[in-house]
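Down below is the structure, laid out as C-alpha cells.
Only the coordinates and a few stated rules stand behind these numbers; no lab work does. This is a predicted model, so every value here is computed, not measured. No Cβ is skipped: glycine too gets one built from the backbone with ideal geometry, and neighbour counts run over all protein chains shown.
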Amino acid sequence: MAAMLEPATSFQATDLARNAREVLDAARKPQGALIRDKDGTNFRVVLAGRASQDSYIADALSDALRLLRLATLNTPDPALYGDLAWISPLPCEAQLEFAWAYAQAIQSVPSTGVEPVEALVYEWHQTARAWADPSLRDDLLTEVSHPLDDIEL
C-alpha cells in the first residue's frame, strides 16, 4: 500500500534552513521526506492531506480487523466493538460480510477517497438500526404472501 512507503530522501535538520526548497519538494512526493535531527530523532514530513488519509486508513483497518475477530468468535458484547458497536445486533454472517466489504473499501481509499467508505458505513448502519428494532426485524424477516401490485415505484 502506498501509505506505508518510506521516504526515499533524507535530510539533516540543518538542511531545513539551507535547502528549504529541496526539502519541501521532497516532502511533496507521495512518500514524503525524512529529516534527521542532530540527536538522531527522525521526522517524516508529508503533505497534511496524505497524513490525514494514512491515519484514517490505519484506524479503519484496525476497526475492520477487530470486527473480523469478534464476528468469528461470535462475541455479542457491543462494548468490544468500539466505534463499530452499532453493528453488534447483526448476525455474525452479516458482520463478516460488512467487515470484508469495509476492508476492501478502505484499501481503495488512496484512489477513490473516503466517500465510498462513508457511504458503505451509512448503508450498513441503517441496516443494523432496522435489525436492532424487534418490530422492524420481524417485518423484514416475514415472507410477503401477496404481490405488491398496487405499489407505485
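Measuring max minus min along each principal axis, the C-alpha atoms of the stretch 50-138 give extents of 43, 24, 18 Å (largest first). Applying a length cut-off of 24 Å (Cα extent along the axis) and a mean Kyte-Doolittle floor of -0.5 to the DSSP H helices of the chain leaves 48-73, 115-132. Over all other residues within a Cβ to Cβ distance under 14 Å of ALA48, the charged ones net out to +2, with Lys and Arg as +1 and Asp and Glu as -1.
Between the amide H of SER10 and those of LEU34, distances stay under 5 Å, these residues lying 5 or more places away or on another chain, with hydrogens modeled in the peptide plane. Taking a point 7 Å out from the Cα of TYR56 in the direction of its Cβ, the residues of the stretch 98-128 whose backbone N falls within less than 17 Å of it are 102-123.
For the chain, what relative contact order do you get, as a whole percent, if you take Cα pairs closer than 8 Å and at least 6 residues apart? Mind dumping the intermediate values first?
Details: 145 pairs, mean separation 24.4, N = 153.
Once normalised by length, the contact order is 16 percent.
Considering only alpha-carbon pairs that sit under 8 angstrom and 6 or more positions apart, the relative contact order computed for the stretch 22-108 is 22 percent. In the chain, if every C-alpha pair distance is counted and binned at 10 Å from zero, what percent goes to each bin? Whole-percent P(r) values from 0 Å outward: 10, 27, 21, 18, 13, 6, 3, 1.
If you keep only loop residues by DSSP, which trypsin sites (Lys or Arg not before Pro) in the stretch 1-60 have at most 14 other Cβ atoms within 10 Å of their Cβ?
ARG28, LYS38
If packing is taken as the average count of other Cβ atoms within 10 Å, what order do 53-64, 118-129 fall into, highest mean first? Let's see the in-between values first.
Numbers: 53-64: 16.4, 118-129: 14.6.
Averaged packing, sorted descending, gives the order 53-64, 118-129.
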